[in-house]
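The values are calculated or read from the model by the stated rules, or taken from the named source; none is laboratory data. This is a predicted model, so every value here is computed, not measured. Every residue, glycine among them, receives a Cβ derived from its backbone with ideal geometry; neighbour counts consider all protein chains shown.
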Amino acid sequence: MMALFRSVARLGFVVLVLLSGCITLAPPAIDNGVAAEADPDPDEVFDGAFVHSDDLEDVHGNQTTIVSTENGTHTEVVRVSERPYVDFRSEVLESSVSDRVGEQYVSNASASWWYDPKSNTASVFEPDDPFDNEAVRDARADEADRQRDLYDLEYQGTETVAGREAHVLSATAKNESVVDEISLLVGDTEFVYALETVDPSEELDITEQTIWIDTEYKYPLQEELVVNGTDDDQYVMTERFETIEFNTDLSDDRFAFEPPENATVEELN
């Protein structure tokens, strides 16, 4: 989740602001002399979509995106590897759009690569200075603060996703004027793919949005959007980890990319 935002943040389009503050939690309820566990603060759960637990070292798993429309269903399976917040790799394993199979995105401190096997083309962005992990983390925390103000959040309890316990959070836009801005909350390549199934001239209204955040590592495991178009067409976009592992000591090689010898390489400014 958030790969599109991650790329934007690294390219320097997010202003870094240092914030401070505190959150006061209500005392736990007492039932028959036993303290009942209080629900987590919805704001803190929401923040996990951007900034994760300090104990999280790396993530690896398969993620499925399903886009359902009145004209059918589009599905894509992507293998994802990540070491927050700079190292990231994704590869399309299966897709209803066959041309997308094999597409890769690989990012590390020194470069970000996009590879299209159909055209055998690799695009690379190399920053003047290496991406800094703490700077990206701070940028994501700042983005969480900005995005949080756009929503009314409601905690919905816990569910199991990919064998993991997850907090469930519903997010409702506070007003229609922010819909275009928050529509990027999913933020992964798969979300960009999902938009390719929608007429780009349509005005989209998000009617429902739910996120599932891992209770241990504060990492997003699933997200669902229900979107209505101008002609009352409805699109349901779901992104979900089917399998996931944490802290498996992923190697640096996982986040390195070498284009094929005969590939066309394009440098992005």
(message) Being surrounded by fewer than 18 Cβ atoms within 10 Å (Cβ to Cβ), at pLDDT 95 or above and either farther than 23 Å from residue 168 by Cα or within 18 Å of the chain's Cα centre (by Cα) (or both) is true for just one of 77, 92, 34, 45. Which residue is that?
(response) 77
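Suppose the filter is outside any strand (DSSP E or B) and among the aromatic types (Phe, Trp, Tyr); does residue 46 pass it?
yes
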(request) Give 70, 82 a once-over and let me know the one that is of a type outside the set (Lys, Arg) and surrounded by fewer than 18 Cβ atoms within 10 Å (Cβ to Cβ). (result) 70
(message) Go through the stretch 53-65 and report how many residues are crowded, with 22+ Cβ neighbours inside 10 Å and farther than 17 Å from residue 249 by Cβ.
(response) 2
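Residue by residue, here is whether (1) under 19 Å from residue 209 (Cα atoms); (2) assigned to a helix (DSSP H, G or I); (3) among the hydroxyl-bearing types (Ser, Thr, Tyr) holds:
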residue: 50; (1), (2), (3): yes, no, no
residue: 53; (1), (2), (3): no, no, yes
residue: 61; (1), (2), (3): no, no, no
residue: 78; (1), (2), (3): no, no, no
residue: 81; (1), (2), (3): no, no, yes
(request) Kindly indicate the residue of the stretch 95-119 that is charged (D, E, K, R) and crowded, with 16+ Cβ neighbours inside 10 Å and also nearest to residue 138 (Cα to Cα) among those meeting that condition. (result) 103
(request) Take residue 80 and decide whether it is touching a Phe, Trp or Tyr at 6+ places or on another chain (Cβ under 9 Å) and closer than 24 Å to residue 248 by Cα. (result) yes
(message) Take the residues in the stretch 224-258 that are of a type in the set (Val, Ile, Thr) and more than 15 Å from residue 62 (Cβ to Cβ); name whichever of them is farthest from the chain's Cα centre (by Cα).
(response) 230
(request) Residues that are hydrophobic (A, V, I, L, M, F, W, C): find the strands (runs of 3 or more DSSP E) completely inside the stretch 216-269 holding 3 or more of those. (result) 220-228, 234-246
(request) Pick out the one residue from 122, 139 that is buried (at least 16 other Cβ atoms within 10 Å of the Cβ) and at pLDDT 95 or above. (result) 122
(message) Exactly one condition in (1) touching a residue at least 40 places away in the same chain (Cβ under 8 Å); (2) at positive phi is false for residue 139; which is it?
(response) (2)
